[in-house]
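The values are calculated or read from the model by the stated rules, or taken from the named source; none is laboratory data. For clarity, every value in this text was computed on a predicted model and none was experimentally measured. Neighbour counts are summed over all protein chains in view; Cβ atoms, including those assigned to glycine, are modelled from backbone coordinates with ideal geometry.
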Amino acid sequence: MERLKGDMTLLDEIRCRIDEELGRLDHELRRELPERIGKALEMGDLRENAEHKSAIERQQFVQARISHLSQRLSELSRIDVKNLPPDRVGFGSKVTVKDLESSETFVFTIVAGDFLDLDAGQISLASPIGRGLLGASKEQEVAVELPKGRRRYRVLELLTLPKQLGMAEEGS
C-alpha cells in the first residue's frame, strides 16, 4: 500500500495543506490585517491613503480565499473512495503516460481543483490533461486538447486511489 508523506493518504495530505493555509489566512484576517487597517486609519484622510486601500483589498482577497478553501474541504469530505473505480483514472490516481508524438513519458497524480504541483507531478482533475485522462484505463489512448494543440497519450501504468489504500486488488 503506497502512502504519501509517511502514513498520509492523498486525501489526508490535501486536507492538511488546506488546514495549514486556512490557519495562516485566519491569523492574517484576525490579527495582521486589523492592525494594518488601524495604522492606516491613524494616518487620516482615507481618500488618498494607499495603505488603507491595500489592506482592505487584501482583507477581501483573504475572505474570498477562506471561503474557497472551506468549500474545497467540504468537497473533499464528500469523496467516497469506495465508489471510485479501481481500474480507471480518477481522483488520486497515479498515472504513467507516454506522449505518442514525442515518446516522452510522464507520471502524474490526479488531484482536486487548484491543488497542483507540476514539479511533484500533480495535475488537477479540472486541467486539460486531467479531464482527458479521467476515466481512462491502462493501455488506453486518449487525445487531449492543450493550449499548444492536440496531444495523444497512452496510459502505461495506473495506480488508483482504491488500490493505493488497499481497497482493490491489483488486477482489477
Self-check item: Spans of strands (runs of 3 or more DSSP E) in region 61-172 with at least 2 residues under 30 Å from Gly23 (Cα atoms)
Solution: 105-111, 122-124
Self-check item: The listed residue being in contact with a helix residue (DSSP H, G or I) (Cβ under 9 Å, 6 or more places away or on another chain), acidic (Asp, Glu) and modelled with pLDDT of 80 or more, out of Glu42, Glu20, Glu28, Glu2
Solution: Glu28
Quiz item: Can we say Glu48 is of a type in the set (Asp, Glu) and modelled with pLDDT of 85 or more?
Solution: no
Quiz item: Quick one: would you say Leu159 is touching a residue at least 40 places away in the same chain (Cβ under 8 Å), over 21 Å from the mean Cα position of the chain (by Cα) and surrounded by fewer than 20 Cβ atoms within 10 Å (Cβ to Cβ)?
Solution: no
Self-check item: Residues satisfying the stated conditions in region 123-172, i.e. among the basic types (Lys, Arg) and closer than 14 Å to Gly92 by Cα
Solution: Arg131, Lys163
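Got at least one residue in region 47-69 being under 30 Å from Thr160 (Cβ atoms), surrounded by 14 or more Cβ atoms within 10 Å (Cβ to Cβ) and in contact (Cβ under 8 Å) with a residue 24 or more places away in the chain?
Looking for residues that are under 30 Å from Thr160 (Cβ atoms), surrounded by 14 or more Cβ atoms within 10 Å (Cβ to Cβ) and in contact (Cβ under 8 Å) with a residue 24 or more places away in the chain, one finds at least one in region 47-69, hence yes.
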